[in-house]
Amino acid sequence: MTSLVDGKNNSRDGESRQTEQSTLTDHLDLADDQDDGDRYDCRETYRNFELEAEDGETADFRCNSWDCYCCAHRMRMNLVEDLDRLIAERPELRRFLTLTLNPETAPESQEDQHRYLTERFNALRTELNDEYDGLSYVWVREEGDGGNPHLHLLVDRYVPQQKLSVMSKRVGLGEVVDIRRVEARNAAKYLTKYLTKGSLWNLPKGARRYGSSADIELSVRGGDGDSREWDLLMDDYEILAPESDEPLRRGVTSSDLVRQRENGGPVGLDPPD
Ligand SMILES: [Zn+2]
């Protein structure tokens, strides 16, 4: 299970949180992010979970889900940071444009809209690559207010707006009203200013949040190169050890993840005040 494997990268969470904080103030205000009722916080929901390495070292478990307040925030900040890095390295990525759905052909449901957007964007990429050999780009998906999914892109060269718009409509997307050149130092902000509330974590499962041409690598999770095996263990408060009355420490199963998510915290343990 990926989430368990990914969890091992979080042993340095305290350290990275400070970096995130400064990036955060540069880019956006998260003051009202807690509003979303559908989200949880794995620091609370899975607080009885712990990762343990073969040599006995332990680390906090982080679920790395975009539904998780704490993890979505961290992953988003990592993405912002990585985009900053990318654009510093590739200053030619400074043509900014937005791809939208054509309201007349777009499917009804939000989930279908995202799927359709992905599909049509793939078709557009094929057309663009035919015309512009080796085109480099990076994109971020946005939910849009009241369900209006769209993609923001930075591309590495000028494509005439008219031409782009014709291509876009031909593949079933909306017209492209604007392709603008942005200052290299502002380019990351153009893309990431849309990573505001709801832009990344309300998406249907499986919808990718960001991506790039094959020559560009983006990393959100930032592995720390740790190759040790980690076990995910939990304190099971439903099974108290006979003598000590302590919760039983055992391996976590996928149903534990589901149950605790539903329960909003460790099963068998009273919620904290
Ligand atoms: Zn989490």
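The values are calculated or read from the model by the stated rules, or taken from the named source; none is laboratory data. On a predicted model such as this, the values are computed, not experimentally measured, just so you know. All Cβ positions, even for glycine, are placed from backbone atoms using ideal geometry, and neighbour counts span all protein chains on display. For accessibility, only protein heavy atoms count, side chains too; no ligands or nucleic acids. Shrake-Rupley method; radii C 1.70, N 1.55, O 1.52, S 1.80 Å.
Quick notes
- Applying both filters, DSSP loop and at most 15 other Cβ atoms within 10 Å, to the chymotrypsin sites (Phe, Trp or Tyr not before Pro) of region 58-126 eliminates every site.
- Inverse of mean 1/r across different Cα pairs in region 87-212, Kirkwood, Å: 14.7
- Within the accessible area of region 87-212 (1.4 Å probe), percent carbon and sulfur: 43
- Put simply, the amide H of R249, placed in the peptide plane, has neighbours under 5 Å in D236, leaving out anything fewer than 5 places away on its chain.
- Using the Karplus relation 6.51 cos²θ - 1.76 cosθ + 1.60 with θ = phi - 60°, the per-residue 3J(HN,Hα) values for region 208-216 come to 6, 8, 7, x, 7, 5, 4, 7, 10 Hz, with x marking Gly and Pro.
- Residues whose placed amide H lies under 5 Å from that of S212, excluding near-sequence neighbours: W139
- Among the trypsin sites (Lys or Arg not before Pro) in region 149-188, those placed in a DSSP loop whose Cβ has at most 14 other Cβ atoms within 10 Å are R157.
- On a per residue basis, region 87-212 carries 49 Å² of accessible surface, using protein heavy atoms and a 1.4 Å probe.
- Applying both filters, DSSP loop and at most 16 other Cβ atoms within 10 Å, to the GluC sites (Glu not before Pro) of region 47-113 gives E54, E57, E92, E104, E108.
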